[in-house]
């Protein structure tokens with residue numbers, strides 16, 4: 001019969017759609033349809049989550065961009081701003097935490113010279129007979145009078161730096177403590193006021209270190225700025241032998257400095273709470 005006998009007649013061949021119409025074919029089609037449906041659902045879920053993540057990322061990016069714009073927007077230099085009277089606006093970006101120190105600038109050289117003169121004043125004053133010699137008093141006056149010179153030069157030249165923001169308060173507090181030591185040693189001022197002043201300075205240094213560790217930036221308030229004048233003036237007056245005005249000025253300055261420290265404490269706690277709340281919101285998000 002040969003190979004032709006193995007080929008069934010055309011009428012006995014299965015039709016093209018017999019497998020699809022069979023129960024097994026229908027079950028296969030249903031399984032495939034369910035698999036496609038599950039795939040579509042998962043794809044939609046992934047797409048929805050991706051959109052949510054993108055939305056949160058856009059919000060955070062816009063927030064960072066707006067904050068950066070606020071911090072970096074150059075302030076128009078006026079006479080009031082140049083001399084430190086107008087202190088509105090954000091701080092210069094170069095002074096923010098995490099920026100390079102940049103110690104070798106003209107304002108920082110002035111600040112380092114001021115700081116280097118503090119121990120010289122202390123040695124000259126303590127080596128005198130009564131603490132009222134002219135040379136240490138003049139040196140104290142020069143260090144105190146140039147307090148705003150480094151800030152003026154930074155605004156004038158645009159040479160802002162992180163190092164300068166750290167150096168300036170260290171120099172001022174060192175000078176106040178040195179003057180207090182001399183006045184205590186020669187009994188030129190009420191020792192109760194000097195003890196309060198030293199305690200306030202130590203408290204401020206400890207608070208500043210904690211704020212720096214927590215990443216909180218504290219703005220200098222006007223009570224602290226204004227307290228410098230009666231404190232420095234009272235100490236200088238005591239060093240040149242002017243007793244009663246020196247006592248009054250130092251007592252007023254100590255009271256103002258304590259108010260400034262109370263405001264620093266309040267502002268620091270508030271900023272720390274806000275920072276922790278923001279960090280918790282980011283973690284929850």
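Summary table
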| item | result |
| --- | --- |
| Set 238, 227: member being part of a helix (DSSP H, G or I), modelled with pLDDT of 80 or more, out of contact with any strand residue (DSSP E or B) (no Cβ under 6 Å at 6 or more places or on another chain) and under 22 Å from residue 187 (Cβ atoms) | 238 |
| Condition met for residue 203 (surrounded by 14 or more Cβ atoms within 10 Å (Cβ to Cβ), under 20 Å from the mean Cα position of the chain (by Cα) and in a loop (DSSP other than H, G, I, E, B)) | no |
| Subset of the range 156-172 [surrounded by fewer than 18 Cβ atoms within 10 Å (Cβ to Cβ) and part of a helix (DSSP H, G or I)] | 156, 157, 166, 169, 170 |
| Odd one out for residue 188 among (1) part of a helix (DSSP H, G or I); (2) within 25 Å of residue 127 (Cα to Cα); (3) touching a helix residue (DSSP H, G or I) at 6+ places or on another chain (Cβ under 6 Å) | (1) |
| Flag if residue 91 is modelled with pLDDT of 80 or more and surrounded by 11 or more Cβ atoms within 10 Å (Cβ to Cβ) | no |
| The range 127-147: number of residues that are more than 16 Å from residue 238 (Cβ to Cβ) and surrounded by 15 or more Cβ atoms within 10 Å (Cβ to Cβ) | 2 |
| The range 148-174, residues that are without any contact (Cβ under 8 Å) to a residue 40 or more places away in the chain and closer than 12 Å to residue 232 by Cα | 173 |
| Options 139, 177; residue that is closer than 18 Å to residue 253 by Cα, free of Cβ contacts under 8 Å to residues at least 40 places away in the same chain, over 21 Å from the mean Cα position of the chain (by Cα) and in a helix (DSSP H, G or I) | 177 |
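The values are calculated or read from the model by the stated rules, or taken from the named source; none is laboratory data. Every value quoted in this text rests on a predicted model; they were computed, and no experiment measured them. No Cβ is skipped: glycine too gets one built from the backbone with ideal geometry, and neighbour counts run over all protein chains shown.
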